[in-house]
Amino acid sequence: LFLVLGHLASYTNPYTGEITDEAADLIKNTDGLHGVISGHSHQKVAGYVNGIPVVQASYSGRGIGKIDFVYKRSSKEIIWAGVSVQTLPFDGLTADPKTKEIVEQAQKEISPVKNQLLGNALTDLFHDRESKEVSLLGQWVTDVMRQEAQADIAFQNAGGLRVTIPAGAITMGKIYEVLPFDNTLVTVNLT
C-alpha cells in the first residue's frame, strides 16, 4: 500500500461533503496512492477523493484519524477502506504533576527573556492567516524586516505569522508567539 503522510491542507465542504485543497489535488494528479493522512489546515476531515481515503485529525492532539483497509492478499487488492476521526476530550483533563513541574521550571527560567519589554502597540496589530487581505501585523513585520535588512522590499508568508498582537505592551514572548519558526532573514539583489 502507498500511503502519504503529509503536511497537506484538506477541507470538507460542509454542503457537498467534497474534500478539497492540496490533499485532494495530490490524489487527483497521482496514480497508485491508497490513502492520504493530511495536516496543515487543522480540520477534522474523514472522506474520500476518487475513492481514496483522506483523514486529518484537527490539530495539537485534539483527535485521532484512522484509515482501515481490508486487503485481499490473493489478488493483492484493497476491497474496502474506511475513514474516521475521533475527537478527544479536552475538558476536565488534569496535568501530569511531573510534567507540570518541568514546564513550570522552564517557564521560570525563560521568564526574564520572555517578559522583556520591546515596545508598545497603540492598537491591535490584527492578523488572520487565512485571509487574502494584507494585515496590519503583516505590514509591521515586513517593515521591521525591510529596515533590519536595509532593503527596499520584504516578504512574509501569511501562515508564518501565528497570532495577533493586542494593543499594549509588546514583549519578546509575544514576538515568539507571532514568529515561532526558526526562519532566517535572507537578502537578494535584483535588477
Query - Positions within segment 112-145 being open to solvent by less than 70 Å² (accessible area, probe 1.4 Å), not small (G, A, S) and not in a loop (DSSP other than H, G, I, E, B), in sequence order - result: L125, L137, V141, T142, D143, V144, M145
Report task. Test D31 against the criterion of being acidic (D, E) and over 29 Å from R162 (Cβ atoms), and give yes or no. Result -> yes
Report summary line: When segment 31-46 is checked residue by residue, the ones that are in contact with a Ser or Thr (Cβ under 9 Å, 6 or more places away or on another chain) and on the phi < 0 side of the Ramachandran plot are V36, S38, G39, S41, Q43, K44, V45, A46
Requested in this report: Could you list, in sequence order, all residues of segment 8-49 that are open to solvent by less than 40 Å² (accessible area, probe 1.4 Å) and either farther than 16 Å from I64 by Cα or assigned to a strand (DSSP E or B) (or both)?
Outcome: A9, I19, A23, A24, I27, L33, G35, V36, V45, G47, V49
**Report entry** Count of segment 141-191 residues which are acidic (D, E) and closer than 21 Å to Q116 by Cα
**Finding:** 3
Query raised in the report: Do you know which of the residues in segment 71-111 that are in a strand (DSSP E or B) and not aliphatic (A, V, I, L, M) is farthest from G32 (Cα to Cα)?
Result: T87
Query raised in the report: From the residues in segment 160-191 that are modelled with pLDDT of 95 or more and among the charged types (D, E, K, R), which one is most open to solvent (accessible area, probe 1.4 Å)?
Result: E177
Query - From the options I102, I64, residue that is at pLDDT 95 or above, open to solvent by 100 Å² or more (accessible area, probe 1.4 Å), among the β-branched types (V, I, T) and over 27 Å from A158 (Cβ atoms) - result: I102
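Does E148 meet the test of being open to solvent by 100 Å² or more (accessible area, probe 1.4 Å), more than 17 Å from L185 (Cβ to Cβ) and of a type outside the set (A, V, I, L, M)?
Taking the combined requirement at face value, the residue does not satisfy it.
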Report summary line: By residue number, the members of segment 50-61 that are open to solvent by 60 Å² or more (accessible area, probe 1.4 Å) and at pLDDT 95 or above are N50
Query raised in the report: How about segment 159-191: which of its residues are within 15 Å of the chain's Cα centre (by Cα) and aliphatic (A, V, I, L, M)?
Result: L161, V163, V178, L179
Query raised in the report: Restricting the search to segment 49-74, which residues are more than 20 Å from T87 (Cβ to Cβ) and out of contact with any Pro (no Cβ under 9 Å at 6 or more places or on another chain)?
Result: V49, N50, G51, I52, V70, Y71, K72, R73, S74
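Just one of L117, L122, L93 is at pLDDT below 95 and farther than 30 Å from T20 by Cβ; which is it?
L93
Within segment 146-159, track down each residue that is at pLDDT 95 or above and assigned to a loop (DSSP other than H, G, I, E, B).
Filtering segment 146-159 down to residues at pLDDT 95 or above leaves 146-154.
Of everything in segment 146-159, those that are at pLDDT 95 or above and assigned to a loop (DSSP other than H, G, I, E, B) turn out to be Q150, A151, D152, I153, A154.
The values are calculated or read from the model by the stated rules, or taken from the named source; none is laboratory data. Computed from a predicted model, the values in this text were never measured in an experiment. Positions of Cβ are generated from backbone atoms using ideal geometry, with glycine treated the same way; all protein chains shown enter the neighbour counts. The area values use the complete protein model at the heavy-atom level, side chains included, leaving out ligands, DNA and RNA. Shrake-Rupley method; radii C 1.70, N 1.55, O 1.52, S 1.80 Å.
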